[in-house]
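The values are calculated or read from the model by the stated rules, or taken from the named source; none is laboratory data. Nothing here was measured: the structure is a model prediction, and the numbers come from that model. Note that we place each Cβ from the backbone using ideal geometry, even for glycine, and neighbour counts take in every protein chain shown. Heads up: the accessible areas ignore ligands, DNA and RNA and are worked out on the full protein's heavy atoms, side chains in. Shrake-Rupley method; radii C 1.70, N 1.55, O 1.52, S 1.80 Å.
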Amino acid sequence: QVQLQESGPGLVKPSQTLSLTCTVSGGFITTNNYYWSWIRQSPGKGLEWIGRIGYSGTTYYSPSLESRTSISRDTSKNQFTLQLSSVTPEDTAVYYCASGSYYYTTIRFGSWGQGTQVTVSS
């Protein structure tokens, strides 16, 4: 089964860049028709999809976060990463990575990481 694990700093200063890595095991991020997403959850906003990178390397982001988001991958390490720039305290959340596939325009998530808390504070 596919397993995912988030890693990265738990504290980021305002205006800096939040960087997280998702390590995938039990499957390959290059497998056809699989998409690899970042999602976050905060008490005030609930679950929010950030963006994804596809099996061929294509990316797509939530319009509300697109200007600040970059998702990339390292196929040799079977990892994909999130970079969210110019962070504010509003970006404080639990961040998850997940695998999924599309049903028309809807992503169905199959496996999730455990999540990692990221706090934006000076």
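Structure above, values below:
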| item | result |
| --- | --- |
| Any chance LYS45 is surrounded by fewer than 19 Cβ atoms within 10 Å (Cβ to Cβ) and at pLDDT below 95 | yes |
| Enumeration of residues in the range 72-102 that are open to solvent by less than 10 Å² (accessible area, probe 1.4 Å), assigned to a strand (DSSP E or B), of a type outside the set (Phe, Trp, Tyr) and closer than 23 Å to LEU11 by Cα | LEU82, LEU84, ALA93, CYS97, ALA98 |
| Residue identified as open to solvent by 40 Å² or more (accessible area, probe 1.4 Å) and either closer than 16 Å to SER111 by Cα or not acidic (Asp, Glu) (or both) among TYR61, TYR34 | TYR34 |
| Within the range 24-47, considering residues that are among the β-branched types (Val, Ile, Thr) and assigned to a loop (DSSP other than H, G, I, E, B), the one nearest to GLN3 (Cα to Cα) | ILE29 |
| Every pair of residues 6+ apart whose Cβ atoms lie under 7 Å, when the first sits in the range 78-95 and is on the phi > 0 side of the Ramachandran plot and in contact (Cβ under 8 Å) with a residue 40 or more places away in the chain while the second is surrounded by fewer than 19 Cβ atoms within 10 Å (Cβ to Cβ) and in a loop (DSSP other than H, G, I, E, B) | ASN78/PHE28; SER86/SER15 |
